[in-house]
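**Student:** Here you go, one structure.
Computed from the coordinates by the stated procedures, all read-outs in this text should not be read as laboratory data. Just so it is clear, the model here is predicted, and its values are computed rather than measured. Please note: Cβ atoms are built from the backbone with ideal geometry, for glycine as well, and neighbour counts cover all protein chains shown.
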Amino acid sequence: MAIVVKKLEKIYKEKRGADVRALKDISFNLPDTGMIFILGKSGCGKSTLLNILGGIDGFDGGDVIIDGKSIKDYGATDLDAYRKAYVGFVFQENNLLDRESVKANVSLALELQSERDNGGKVFSALESVGLKDFADRKCNRLSGGQKQRVAIARALIKSPKLLLCDEPTGALDSETGAEIFNLLKALSKSRLVVVVSHDRESAEKYGDRIIELKDGEIISDSLPTDAEIKTEEKTEKKRKGLRFTRAFKIGAGYVAVRPVRMAICLLICLITFTLVGVADTVYAYDRDRALLYTMDAQDSKCYAFGKADIVENNRLAMNLPKMSYDEAEELCSLLNVERCDYIYGMGLGFGHFSELNGSLDKNDWAENTRIDKYIEAYGSFLTDYGYTLLSGRLPETVTEVALPEFLFNFFKTHGYKDGSKVLNINSYADLLGKTVSIANPVCHQSFTVTGIIDTNFVYEKQAKVLFEGAPVYGSASGADFSNDMYNIRTDAIHASIFVCEGYNEYFLENFNDPYREIVRVIAPYKGSDKQKIENIRVYTTQYGGKPVSEECGNCYHLVNYAAVIINDADRTFSVIKKYAVYAVALTVVISVLFFSYYVSGTISEKRREIGILRAMGASRWDIVKILACEHGIFTVVTLALSTVIAVVCAVLLNAAFFSSATEAVLIKFGIRQFVIMSAVALSAVAAGIAVPLIKLLGKKPVDVIADRK
Ligand code: ADP
Ligand code: MG
């Protein structure tokens, strides 16, 4: 390790007042081993010189040549490598990482070179400074002399060829000081030790050579060597950086150094990230998808399509407009399903369903039943739709009918009218064989009940919100029943009667009902398939009081229990969408600013430590790694929390629209939201770190240690 210092100049530029020429025309050569003292009064430039030798400070003139190569030709990485591999620093204030153990402080020097302590290097380094029993002690619980010895052990562990000590005994009593000097003296047998001191007595006692400075100039050199320094062969420089695990550990140690500030920052970031997640969840709202989500949640077994009618009070009307055969066929082919069935209505709202007893009593509940729909249940109808036969069988002739369980419950509550008698209906079997009729005078017909079908009407999941109180069979009043029937006819299947194959032809031949028409096209629903309803453009998104047909011509509309209420959600979400962007932008800006403020705070908090790491040879990249780990941990934790909150928010938002229904899913927090949230979080954190980090890395290590601007 041959060092040649040539006409070295260092000028501190002062913004106010005259510049300080800290070093003037300094020249000397240093040998490979021995203990060299640089002596001088305070302020004469000793530290400046030492820092330049150690590569943690720059200079303004002259040159420092290390192993034949000018330090001026070193790039930033070369300098890092030089500090890392060749130089050990011991400062007046020992500059240990106080919160870490003795062992950790010493092994860190190794780890900065990506080396692990396999052969007990740390132990022997500690032993050589007489501290082998203190390995696990925290540094802030050591005496001054012990700390200084840790600092020396730390400098020693990488077997530096050059040990630079800046007033290493300055803070110690003379006895402890002597111990340190003896230690350094012993070490100087095998390496070059440069000690800066103002203690002439010690210098004369321990030094092999004394270079004395005054006002930045050499005034004496006890053993000037002018020997021509030959260029040694270059030793392979170690450039590997800090291991990730170690950087992670150091970073993790920094996270909660300032818990209150961290908590505030966490809160702000939490709000922002959550808002981003929730905003995009709402943004991704799509009524088609919402319908399917909700159908899934409601455990629906069939699609039910009607023809979109007019718009009333911003709601698609739930009336049952006519659909022609052509339209129904088109709809089926658009759906592209294996099975497609039509539900026929017999005179809208005018059908009556009960045993007719000669006269129609206007006040009779039978008057208001509005059973006016039939569907041909043939072939594998039950299995295709996932329905079950609760009792009996499917109809086989045009005078037979199977009833949905919904209607069975109606009879169970109100009884079956047989003339003036009312028979109790308690079991499914009680209803089998009974006669029921379509009460529409135009197409009056009687049927024998052959079976009861479970059409999967789940009040709690599907229709709770529609019924005020209990459904249908809860009330004996005709008006209530009428109301409930209005509600349940939404997808029509639960309120239809099931007739045999070919019944429709029979109906056409025998009755001339001007109102008979297709009111629903149904198909088995086997879980979300957005494609299917996308083809159909089930709804238009605009329906500001205009007829839907104005916007989409032949619109069909999916009628399920979800559909009834989804219009409200539609309007609310469009309002939220409009303002969410601004809210998100604002909070993101706020959190980036605050995060930046927080990061600069934490960086200045640990500036000294970072400076020490730099002096020990940590490269800029190592520092970036450590800070990235620190804030990475913060970000991951915040992100995880925000995700949980956002998911909960989405659930609550869904619930808000369906306060009385249990099953409705309009929006879902999904992968896309998580990705967007993560992207925003990472960029916000990166943006927050960027400025303070660039500032920090732009500084010379010496300025970082001294915490200079
Ligand atoms: P010593 O270590 O011998 O006490 P220094 O090398 O620290 O002396 O300082 C030498 C001179 O340079 C002093 O006059 C000091 O005030 C000045 N100096 C040191 N560092 C700075 C700095 N960063 N900015 C301005 N002046 C400085
Ligand atoms: Mg000094």
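**Student:** Between residues in the range 32-51 that are within 14 Å of S197 (Cβ to Cβ) and residues that are of a type in the set (S, T, N, Q) and within 7 Å of ligand 1 (Cβ to nearest atom), which pairs lie under 6 Å by C-beta distance while being six or more apart or on different chains?
**Tutor:** Partner pairs satisfying both residue conditions: none exist.
**Student:** Can you work out which of the residues in the range 27-46 that are near ligand 1 (Cβ under 8 Å from one of its atoms) and surrounded by fewer than 20 Cβ atoms within 10 Å (Cβ to Cβ) is farthest from the chain's Cα centre (by Cα)?
**Tutor:** K41
**Student:** Shifting gears a bit: Touching a Phe, Trp or Tyr at 6+ places or on another chain (Cβ under 8 Å) and among the hydrophobic types (A, V, I, L, M, F, W, C), is that true of L164?
**Tutor:** Against the criterion (touching a Phe, Trp or Tyr at 6+ places or on another chain (Cβ under 8 Å) and among the hydrophobic types (A, V, I, L, M, F, W, C)), L164 qualifies.
**Student:** So which of L49, L97, L112, L108 is within 16 Å of ligand 2 (Cβ to nearest atom), surrounded by 18 or more Cβ atoms within 10 Å (Cβ to Cβ) and of a type outside the set (D, E, K, R)?
**Tutor:** L49
**Student:** So is K24 basic (K, R), within 16 Å of ligand 2 (Cβ to nearest atom) and in contact (Cβ under 8 Å) with a residue 12 or more places away in the chain or not?
**Tutor:** Spelling it out, it is not the case that K24 is basic (K, R), within 16 Å of ligand 2 (Cβ to nearest atom) and in contact (Cβ under 8 Å) with a residue 12 or more places away in the chain.
**Student:** Let me ask another. So how many residues does the range 70-94 have that are in contact (Cβ under 8 Å) with a residue 12 or more places away in the chain and either within 16 Å of ligand 2 (Cβ to nearest atom) or out of contact with any strand residue (DSSP E or B) (no Cβ under 6 Å at 6 or more places or on another chain) (or both)?
**Tutor:** Matching residues across the range 70-94 total 17.
**Student:** Tell me whether the range 659-682 contains one or more residues that are touching a helix residue (DSSP H, G or I) at 6+ places or on another chain (Cβ under 7 Å), in contact (Cβ under 8 Å) with a residue 60 or more places away in the chain, within 30 Å of F91 (Cα to Cα) and assigned to a helix (DSSP H, G or I).
**Tutor:** For the range 659-682, residues touching a helix residue (DSSP H, G or I) at 6+ places or on another chain (Cβ under 7 Å), in contact (Cβ under 8 Å) with a residue 60 or more places away in the chain, within 30 Å of F91 (Cα to Cα) and assigned to a helix (DSSP H, G or I): absent.
**Student:** Continuing with this model, one more query. Could you count how many residues in the range 1-54 are of a type outside the set (D, E) and in a loop (DSSP other than H, G, I, E, B)?
**Tutor:** Summing the residues that are of a type outside the set (D, E) and in a loop (DSSP other than H, G, I, E, B) in the range 1-54 gives 16.
**Student:** Evaluate the following for A81: is it among the small types (G, A, S) and within 38 Å of the chain's Cα centre (by Cα)?
**Tutor:** yes
**Student:** Then there is this: Exactly one of these conditions fails for D67: (1) within 16 Å of ligand 2 (Cβ to nearest atom); (2) buried (at least 18 other Cβ atoms within 10 Å of the Cβ); (3) touching a residue at least 60 places away in the same chain (Cβ under 8 Å). Give me its number.
**Tutor:** Unmet for D67, out of (1) within 16 Å of ligand 2 (Cβ to nearest atom); (2) buried (at least 18 other Cβ atoms within 10 Å of the Cβ); (3) touching a residue at least 60 places away in the same chain (Cβ under 8 Å): (1).
**Student:** Out of all the residues in the range 135-185, which are within 16 Å of ligand 2 (Cβ to nearest atom) and in a loop (DSSP other than H, G, I, E, B)?
**Tutor:** Correct list: E167, P168, T169, G170, A171, L172.
Residues checked against (1) in contact with a Cys (Cβ under 9 Å, 6 or more places away or on another chain); (2) within 16 Å of R154 (Cα to Cα); (3) part of a strand (DSSP E or B):
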{"residue": "D78", "(1), (2), (3)": "no, no, no"}
{"residue": "A85", "(1), (2), (3)": "no, yes, no"}
{"residue": "F89", "(1), (2), (3)": "yes, yes, yes"}
{"residue": "E93", "(1), (2), (3)": "no, yes, no"}
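**Student:** Under 20 Å from V90 (Cα atoms), within 16 Å of ligand 2 (Cβ to nearest atom) and in a loop (DSSP other than H, G, I, E, B): does that describe D57?
**Tutor:** yes
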